[in-house]
Amino acid sequence: MRVVVAGATGVIGSRTVARLRDHGVEVVPVSRREGVDVITGQGLAEALHGTDVVVDVTDAPSRTEATSVAFFDASTGNLLDAAATAGVEHYVALSLVGVDRIKQGYFRAKAVQEERARRSPTPHSLVRATPFFESVDALSRSTAHTDEVRVAPVLIRPMSTDDVAARLAHVAVGLPQFGALEIAGPEEYRLDELAAELQAAHGDARGVVTDTRAPFFGAVVGERSLLPGATAHPGHETLTQWLARH
């Protein structure tokens, strides 16, 4: 099996490449560093020639709605067109839990990506993940305000990027789902409380202000909008374990 990973130099991409190699498959990392540009389509035909599976973990250069929508519309369209031409048997994309409920910001952009996949003739699997520990950690250290960080009191089940990569690799070597599956961390937190805990771990004294209107990934979300359904596949790494590694 030959698997191309688009976005292979990112945090998730590099871990997904490693997990796929653990499965014993041939992995081809592609990114602009390797001369492949998903926005222009440059190098895609050559990269996907003879490929069985494409794993798409590309990411937009910005979380703003307009930029991210434009990115995923172009990049996913180019990847899927090249996949169809090359006879790829399975397209796997990383998405977000809540994308079917939240219609703003980065969530809208991932919805555009999912719709592209559903309309493509290439069999697909969409892996919707809950927020990463790394994403919440970055939020807790936001410099938008010098004296505080404003965070919404929404419920989440945060995941480690290692657990996300492991599940992506597992899905990639399996049969196409022809739809979406959810993955989530093993513990539930309130986002503002978790951000405060991560601030404390960094020795950041600014503090977190609970704000129901504070956006997450460019969207104002409801209390339970980021929680997965009952059938979500659970990750293994807890916050305590993640903090111990970081």
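Among residues other than Leu239 whose Cβ falls under 9 Å from its Cβ, what is the net charge (Lys/Arg +1, Asp/Glu -1)? Net local charge, Leu239 excluded: -3. Per residue, region 102-246 exposes 46 Å² of solvent-accessible protein surface, assessed with a 1.4 angstrom probe and all protein chains in place.
Would region 182-246 count as rounded, prolate or oblate if I go by the C-alpha gyration tensor, calling it rounded below 1.5 in a/c and otherwise prolate when a/b exceeds b/c, oblate otherwise? Since a/c reaches 1.5 but b/c is at least a/b, the shape of region 182-246 is classed as oblate. Across the accessible surface of region 62-149, with the other protein chains kept in place and a 1.4 Å probe, carbon and sulfur atoms take up 50 percent. Close amide H partners of Val55, meaning residues 5 or more places away or on another chain with modelled amide H under 5 Å apart, are Val4, Val5, Ala6, Val92. Measure nothing fancy, just the Cα-based angle from helix 161-172's long axis to the longest principal axis of the chain, in degrees from 0 to 90, nearest 10. On a 0 to 90 degree scale, this one is about 30. Helix 105-119 and the longest principal axis of the Cα set of the chain meet at an angle near 20°. Amide H to amide H, with H built 1.01 Å from N, Leu96 comes under 5 Å of Ala129, counting only residues 5 or more places away or on other chains. Consider a paramagnetic label point 7 Å from the Cα of Glu223 along Cα→Cβ; state which residues of region 146-163 have an amide N under 12 Å from it. Zone members listed by number: 153-155.
Share of antiparallel DSSP beta bridges in the chain, in percent to the nearest 5?
Restricted to the chain, the bridges split so that about 10 percent are antiparallel.
If you roll a 1.4 Å probe over the heavy atoms of the protein chains, what accessible area per residue do you get for region 1-92, in Å²?
44
The values are calculated or read from the model by the stated rules, or taken from the named source; none is laboratory data. Since the structure is predicted, the reported quantities are computational estimates derived from the model, not experimental observations. Glycine also receives a Cβ, built like all others from the backbone with ideal geometry; neighbour counts cover every protein chain displayed. The accessibility values were calculated without ligands, DNA or RNA, using every heavy atom of the protein model including side chains. Shrake-Rupley method; radii C 1.70, N 1.55, O 1.52, S 1.80 Å.
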